[in-house]
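The structure appears below as structure tokens.
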Amino acid sequence: MEACNSSETEKKRNPFTEFWLNIARGAAIGVAFIIPGFSGGSVAAILGIYEKLVGSVADLFKQFKKSILFLLPILLGMVLGIAALILPIQWGLEKFPIPTVSLFVGLAIGGLPSVTEKVKGKPKWTHILACLVPLAAAASLCFPPMAGEVDLLDLNFGGYLLLVLIGAVGACALVVPGISGSMLLLIFGYYNPLIGLLTEHLLHGQDVGVSLLVFLCAGIGVIGGFFGISVLMKYLLKKFPRGTYFAIIGFIVGSIPAVYTSVIRETGTVLMSDPWYFVATAALLLVGMALSYALVRFARKKRKE
């Protein structure tokens with residue numbers, strides 16, 4: 001009977017609507033990737049598609065058609081989200097970094113109930129530990145010293161191999177909620193050079209060959225790391241689902257101070273004394289919380305229906 005109801009629900013689901021919803025979800029994940037301190041995995045968890053996303057990547061070669069039909073709109077949305085918002089977000093981070101990032105922090109906080117509902121009930125001590133260790137690990141990213149920025153236009157063979165490795169590390173952080181790929185790139189000295197290569201060279205037709213080679217190497221690393229960590233996360237969600245979600249909550253909460261720290265370190269911002277600056281920061285934080293919590297409530301209502 002339960003299987004029958006599940007089957008009927010699948011039939012009632014409008015594939016066209018689902019396609020556009022997945023594009024929107026992908027856009028949100030893509031935007032998270034370009035904001036230092038934010039994780040695409042956190043956004044996927046908050047939107048309620050994390051398990052399905054990880055499973056689709058891990059099973060791409062086992063269930064190719066089913067996986068690709070789910071992943072294609074997500075990937076398309078990521079590309080569209082990054083292309084459409086990279087310049088406005090960079091402008092906001094440059095001119096009003098703390099209020100801008102507070103909007104996204106609010107979105108993360110307001111969406112937390114969609115993750116915490118996965119761990120209802122009395123936790124074991126192992127669950128508490130599974131939450132506290134990732135929380136401390138994510139928060140510790142506030143403190144590592146920044147590396148000097150890399151000149152991507154003058155790399156040798158070893159530099160390109162290192163770029164593949166950096167792409168893999170960034171992809172792992174993209175999949176693991178609460179660990180920001182963009183912040184790790186910032187720490188390693190690759191974030192600003194990659195953004196600059198895209199916005200100042202490739203989009204203006206300058207150094208196209210070198211730029212494409214750089215993004216090709218980074219892309220190879222991203223794809224490899226993405227598949228590897230997705231297989232691991234699928235295993236953990238299958239064998240230890242509750243403990244894994246406690247860890248995800250720890251990563252998300254621990255990443256919040258790291259978001260502010262990374263933006264302040266990147267932009268050199270000193271907190272302004274202007275009261276309107278603080279009013280704007282608080283207002284955008286609350287707007288973000290309200291928006292994402294409304295989405296969580298809407299998603300719960302749809303699931304019940």
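The values are calculated or read from the model by the stated rules, or taken from the named source; none is laboratory data. Just so it is clear, the structure is predicted and the values come from calculations on it, not from any experiment. All Cβ positions, even for glycine, are placed from backbone atoms using ideal geometry, and neighbour counts span all protein chains on display.
List of remarks:
- Selection within the range 267-291: residues that are of a type in the set (Val, Ile, Thr) and modelled with pLDDT of 80 or more. The member of this set that is farthest from the chain's Cα centre (by Cα) is 279.
- Failed condition for residue 294, given (1) exposed (fewer than 14 other Cβ atoms within 10 Å of the Cβ); (2) modelled with pLDDT under 75; (3) more than 17 Å from residue 96 (Cβ to Cβ): (2)
- Any hit, the range 193-200, residues being at pLDDT below 80, outside any helix (DSSP H, G or I), in contact with a Leu (Cβ under 8 Å, 6 or more places away or on another chain) and among the hydroxyl-bearing types (Ser, Thr, Tyr): no
- Selection status of residue 68, within 19 Å of residue 295 (Cα to Cα) and among the aliphatic types (A, V, I, L, M): no
- Cβ-Cβ under 7 Å pairs, at least 6 apart or on other chains, the range 44-63 side touching a residue at least 40 places away in the same chain (Cβ under 8 Å) and under 23 Å from residue 108 (Cβ atoms), far side among the basic types (Lys, Arg) and surrounded by 20 or more Cβ atoms within 10 Å (Cβ to Cβ): 47/25
- Whichever residue in the range 141-171 is surrounded by fewer than 12 Cβ atoms within 10 Å (Cβ to Cβ) and at pLDDT 80 or above and, among such residues, is farthest from residue 210 (Cα to Cα): 158
- Sole exception among (1) within 16 Å of residue 41 (Cα to Cα); (2) of a type in the set (Gly, Ala, Ser); (3) modelled with pLDDT of 85 or more for residue 224, by number: (1)
- Taking residues in the range 109-134 that are touching a residue at least 40 places away in the same chain (Cβ under 8 Å), and partners anywhere that are crowded, with 19+ Cβ neighbours inside 10 Å and outside any helix (DSSP H, G or I), the pairs with Cβ atoms closer than 6 Å and at least 6 places apart or on different chains are 114/48.
- Residue within the range 232-248 that is outside any loop (DSSP other than H, G, I, E, B), aliphatic (A, V, I, L, M) and modelled with pLDDT under 75 present: no
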